[in-house]
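Below: the structure, in structure tokens.
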Amino acid sequence: MKVRTRFAPSPTGQPHIGHLRTAAYAFALAKHSDGDFIFRIEDTDQKRYVPEAVTSLKNMLTTFNMNWDEYYVQSERLDLYRAAAEELVATGHAFYCNCPGKNAKKDGYSQILRDPCREKKLTVGAIKLKVPDGEKISFRDLVFQKEISWNTDKVFDATLLKSDGFPTYHLAAAVDDHETNISHVLRGYDWMSSTPIHLLVYRYLGYETPEIGHLTDVQSPEGGKLSKRKGSTSISSFLDHGYLPAALLNFIILLGWAPKDNREMFTLDEFVENFNENGFQKANPVFHTEKLDWFNQQYIRKTADTKLVKMLAKFTDKTGAEITKLIPLVKDRLVTLKDFDALTNYFFTAPAPVPGNAAIISHAISVLEKNFDGKFLEEQSRAFCAQKNIKVGDYFMTLRQAVTGQTATPPLWDIMKILGKEETISRLQSAHGQK
Ligand code: GLU
């Protein structure tokens, strides 16, 4: 049987890291076995529908190179769901309900799981699932690798088709998973409570039950589930902050999945190659931004300078030529692409003069005026320091502060070379109070 997975988001807002993670796992599960990855828009909740979200979800998959093999939009398939709902009514597994509101549970009858319309033999209204009493229903979870079961007495008569003709998630997802031959369903842990409903729908419609796995919840370091309220989790905000897609993806796939050998660096292709269902971890992972920063640094270092220059264009107003010149100096210091300007500011704007040791500065000025050369400065400074009993480190720190206004920078001569003789000496003079 061909492995076929799907990514089935509801277009209700900006794609977030949960979307990216679910998509990446579904993609790898399919592609590891040369299977198909299906992209499905679950837009049956018209009240929450945000049209731009469809474009953003597509962009997310494209940005991360998760190309889909087939694409479906649920609102274009309403006839299928209606037919399935009517079939369930005909076989006695669903019924029409005219109760106002969505379902008994949400209307405040919190204990009433069985709908009052059940026995009324109505022929209009919403169609609800007739959940059997006192049965055990179970499945083996692919992620947790254990059987999970419910007593159907605790499962409510879920709405399958609303009176406006739109299916609910339960019906549409089950029908589509069957119609598109989905072999493995991976979804967020939040959906666990709807699984018994889906299992009943599969059974009553004569569908084979796919493999189902519920992904762990990503936790925020402060505790609790990572959520919008605890800081933005949208993919675009991470990219806008200068995280590289490859780094974000690498970080995210390891939030809940781990290889046997603890390897950390994975491109999407490598993840697909190494993917193994047994790698799903059962404990909720924690989103540590420092770890994401670490991945970002690794990926920035691995990126060719020419490519990095293009990526940086969005984060700085410096010209391509300027970026190209400075990249070798600051590449290792960038945590995100947004750091470029702060790390290179002093190349463009002379620092406010920091008064430094006048003897050191005037020595450096006279050396550089004679011969603007790194080796020469090095030799001369050593001789000077030995004679004056000054530490070479202190000598260069004085110059560093005078030239850049900073205490930690790339090698000073590399900076001086880029600034040029005139600008370097002029900055030294300012620090010396001669200007
Ligand atoms: N439409 C659901 C969501 O937005 C998907 C649930 C599923 O994958 O079955 O997360």
(message) Heavy atoms of the protein only, probe of 1.4 Å, neighbouring chains included. What is the accessible area of residue 149 in Å², nearest 10?
(response) 60
(message) If packing is taken as the average number of other Cβ atoms within 10 Å across a peptide's residues, how do 79-88, 35-44 rank, most packed first?
(response) 35-44, 79-88
(request) Could you calculate, for the range 365-435, the ratio of the Cα radius of gyration to the Kirkwood radius, expressed as Rg to Rh? (result) 0.93
(message) Between residue 164 and residue 333, what's the calculated FRET efficiency when r is the beta-carbon distance and R0 is 56 Å? Round to 0.05.
(response) 0.50
(request) Roll a 1.4 Å probe over the protein heavy atoms and report the accessible area of residue 413 in Å², nearest 10. (result) 60
(message) Cβ neighbours within 10 Å, averaged per peptide: list 45-53, 156-164 in order, most packed at the top.
(response) 156-164, 45-53
(message) Give the aspartates and glutamates reachable from residue 282 as a straight Cα distance under 16 Å; neighbours fewer than 8 places away on the same chain don't count.
(response) 141, 147, 190, 217
(request) Read phi for every residue in the range 305-320 and hand back ³J(HN,Hα) as whole Hz from Karplus 6.51 cos²θ - 1.76 cosθ + 1.60, θ = phi - 60°, with x for Gly and Pro. (result) 3, 4, 6, 5, 4, 5, 5, 6, 3, 6, 10, 8, 9, 6, 6, x
(request) Note down the relative contact order for the chain as a percent, whole number, built from C-alpha pairs under 8 angstrom at least six residues apart. (result) 13
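Cα convex hull of the range 233-364: mean projected area in nm², to one decimal?
On the way: hull surface 47.0 nm².
Here the figure is 11.8 nm², rounded to one decimal.
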(message) Give the separation of the Cα centroids, the range 20-74 to the range 355-418, in Å.
(response) 57
(request) For residue 140, put the label point 7 Å out on the Cα→Cβ axis and report which residues of the range 255-294 keep their amide N under 18 Å from it. (result) 276-282
(message) Probe radius 1.4 Å, ligands and nucleic acids left out: which of 139, 376 has the largest accessible area, and how do the rest follow?
(response) 376, 139
(request) May I ask for the percentage of alpha-carbon pairs in the range 171-243 that lie more than 21 Å from each other? (result) 45
(request) Quick one: work out the % antiparallel among DSSP beta bridges in the chain, nearest 5. (result) 50
(request) Would you list, by chain and number, the aspartates and glutamates whose Cα falls below 20 Å from the Cα of residue 121, excluding same-chain residues fewer than 8 positions away? (result) 86, 87, 133, 157, 164
(message) Regarding the range 1-138, what's the average projected area of the Cα-atom convex hull, expressed in nm²?
(response) 11.2
(request) Return the FRET efficiency for the residue pair residue 87, residue 260: r is the Cβ-Cβ distance, R0 is 56 Å, and the value is rounded to the nearest 0.05. (result) 0.80
(request) Compute the distance in nm between two label points, each set 7 Å from the Cα along the Cα-to-Cβ direction, one at residue 407 and one at residue 67. (result) 5.2
(request) Return the tail of the calculated pair distribution for the range 107-228, meaning the percent of Cα-Cα pairs more than 26 Å apart. (result) 28
(request) Could you run the Karplus curve 6.51 cos²θ - 1.76 cosθ + 1.60 with θ = phi - 60° over the range 16-33 and give me ³J(HN,Hα) per residue in whole Hz, x for Gly and Pro? (result) 10, 5, x, 4, 4, 5, 4, 4, 5, 5, 5, 5, 5, 4, 6, 6, 4, 10
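For residue 34 and residue 421, what is the calculated FRET efficiency with R₀ set at 60 Å and r taken between the beta-carbons, to the nearest 0.05?
0.45
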(message) For a quick size check, give me the Cα extents of the range 142-211 along its three principal axes, largest first, whole Å.
(response) 39, 30, 23
(request) Report, to the nearest 10°, how far helix 289-302 tilts away from the longest principal axis of the Cα atoms in the chain, using its own Cα long axis and a range of 0 to 90°. (result) 60
(request) Apply the Kirkwood formula to the range 330-400: the hydrodynamic radius equals the inverse of the mean of 1/r over all pairs of different alpha-carbon atoms; give it in Å with one decimal. (result) 14.0
(request) Throw me the Rg/Rh for the chain, computed over C-alpha atoms with Kirkwood Rh, two decimals. (result) 1.19
(request) Using packing as a proxy for protection, rank 317-326, 196-205 so that the peptide with the highest average count of other Cβ atoms within 10 Å comes first. (result) 196-205, 317-326
(message) Students often forget the sequence filter, so: which lysines lie under 27 Å Cα-Cα from residue 421 once same-chain residues fewer than 8 apart are removed?
(response) 318, 325, 331, 370, 375, 388, 391, 435
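The values are calculated or read from the model by the stated rules, or taken from the named source; none is laboratory data. No experiment lies behind these values; they were computed from the predicted model shown. Neighbour counts are summed over all protein chains in view; Cβ atoms, including those assigned to glycine, are modelled from backbone coordinates with ideal geometry. When the accessible area is computed, the model is the full protein with side chains, heavy atoms only, and any ligands, DNA or RNA have been set aside. Shrake-Rupley method; radii C 1.70, N 1.55, O 1.52, S 1.80 Å.
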